[in-house]
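The values are calculated or read from the model by the stated rules, or taken from the named source; none is laboratory data. Because the structure is a prediction, the values reported are computed rather than measured. With ideal geometry, Cβ positions are generated from the backbone for all residues, glycine too; neighbour counts draw on all protein chains shown.
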């Protein structure tokens, strides 16, 4: 085998591993939300691929030492995607998968919205939209003061981007030249009351972030290779924070959830539907 | 350099000196400002320690959540703005990013109540205590004077959890003698004058007014006990109830709306523990307005004479 062939083989293996992890995260999401029969499934499924790339490859973390100093951190600013984060954490071994089925049950460690004091591996409490990105900016400033070389990742919702605080955070991140801050927008074009375009359009999103001083990428949010390559490029960027716009489909991977359109923000899931959903996810060929 | 008596210092300088000491001696404290570093005096430190003093510009919501992120990273952030902008304006950020997330952030709100003077109604917080008092875990502290504030600041830092401080910026009325070795406990109220007929419970600039009222009452043979209650949440129930068991009548005095502030806190404690008649001095369901302190004290009935009247009145209900 030539060097090039070796490299190609390695990269194919990485792709397969990341796709497999994304698949596992989606199955976990179904188990997690299915256990209580209702939840924010749409916006969880739309970020499964980026979570697979972050937890599967890029984040400097150690599941057996979740509070590791100088670790990379992820703030899920769209806090209602908690079940997606839990699904990734369980896949990485932060806690037992059986725990996923305690979602939203009284006394659970897995509440609908992310809570750093309840869930091992969750880096910030979120749920009141707009605040998480500011928290991530605070962490990125903290990392710069400590000079520990860590990266702070944040995922914001497209609907969440209607919050003024997102743009306050953006302005400060660029002003402070936080090139250790990598932000993703889950651009699935849907919010509770309708499409983003119907309710309060955020377009042109790339130009907005660019004008706010970010280096902007816009990619297919379900293409693990594209996400992987873009994060790698982002890490080489200096003096500017990064915005990676993930063009996504709300409910991605389960056809009846995708088909529910704006209705999939939070929707009921019966036991039969869960079985169907998992079959569909697992039927996706990994190539 | 000539030594400056504490009582002659601007209260803000005590705050800034404390932060300077912490930045120099440790790696945890950071200070955040939202374009009022000139007003707090923090501007000098911002130039001295650009990494540790972070100015977010006029974006208080962002400042609060950025501070929470810094706290999650292991820092102890102190955030400052004028009282209303660091409380009611960012109530949800305080609630979620800071308190619910259990982040160790200290909140400094300057110019409490009528001390906002010429900035007027928009900048004059009469509701900040009320807004924050229903949030679990947060401490609410209003310094009595410079001597106390200087000794309490290290305790605020040592306390793990959010603390809101209603900080006067200028030279406050002096209550304690700095040459006496007075000790203070963040969680305790203090009997600063003993009496037997009525207990006056006061905070902030109203403590000095209460002492003056007690003297006036003495002249008409009414013996007033005065309690300085800088800690409004959690209220020092023990000290207050102990005094009321002796005097059996209460007057509260505060530079805040009586609805939601010290009067409310004291009433709750009295009703549950030892019901006695109570009258209050404070802002009574009014918005702020512009003016110098002397005018505002009269406009909102916050003078010693108002405390005296309330004490006389409450005695008739005993």
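Can you tell me which residue is farthest from the other protein chains (Cβ to nearest Cβ) among those in the range B:77-92 that are farther than 18 Å from residue A:125 by Cβ and surrounded by fewer than 24 Cβ atoms within 10 Å (Cβ to Cβ)? Per the stated criteria, the residue is B:88.
With respect to the conditions (1) in contact with a helix residue (DSSP H, G or I) (Cβ under 7 Å, 6 or more places away or on another chain); (2) facing chain A (nearest Cβ under 8 Å); (3) within 23 Å of residue B:142 (Cα to Cα), residue B:107 falls short on a single one, namely (2). One residue stands out in the range A:95-107 among those that are surrounded by fewer than 20 Cβ atoms within 10 Å (Cβ to Cβ) and in a loop (DSSP other than H, G, I, E, B): the one that is farthest from the other protein chains (Cβ to nearest Cβ), namely A:96. Inspect all residues belonging to the range A:264-282 and state whether any of them is under 21 Å from residue A:156 (Cβ atoms) and part of a loop (DSSP other than H, G, I, E, B). Yes: the range A:264-282 contains one or more residues that are under 21 Å from residue A:156 (Cβ atoms) and part of a loop (DSSP other than H, G, I, E, B). Do we find that residue A:182 is more than 10 Å from chain B (Cβ to nearest Cβ), crowded, with 22+ Cβ neighbours inside 10 Å, under 16 Å from residue A:78 (Cα atoms) and out of contact with any helix residue (DSSP H, G or I) (no Cβ under 6 Å at 6 or more places or on another chain) in this structure? It is false that residue A:182 is more than 10 Å from chain B (Cβ to nearest Cβ), crowded, with 22+ Cβ neighbours inside 10 Å, under 16 Å from residue A:78 (Cα atoms) and out of contact with any helix residue (DSSP H, G or I) (no Cβ under 6 Å at 6 or more places or on another chain). The single condition among (1) within 11 Å of another protein chain (Cβ to nearest Cβ); (2) touching a helix residue (DSSP H, G or I) at 6+ places or on another chain (Cβ under 6 Å); (3) under 17 Å from residue B:133 (Cβ atoms) that residue B:95 does not meet is (2). Scanning the range A:158-178 for residues that are outside any helix (DSSP H, G or I) and either away from chain B (no Cβ under 13 Å) or more than 13 Å from residue A:134 (Cβ to Cβ) (or both) turns up A:158, A:159, A:177. Of all the residues in the range A:238-263, those that are assigned to a loop (DSSP other than H, G, I, E, B) and surrounded by 15 or more Cβ atoms within 10 Å (Cβ to Cβ) number 10. Checked against the criteria, residue B:127 counts as at pLDDT 95 or above, crowded, with 20+ Cβ neighbours inside 10 Å and more than 11 Å from the chain's Cα centre (by Cα).
Among the residues of the range B:32-58, those identified as within 14 Å of chain A (Cβ to nearest Cβ) and outside any strand (DSSP E or B) are B:34, B:35, B:46, B:49, B:50, B:51, B:52, B:56, B:57, B:58.
All of A:74, A:110 fail the test of being more than 25 Å from residue A:150 (Cβ to Cβ) and buried (at least 24 other Cβ atoms within 10 Å of the Cβ), apart from A:110.
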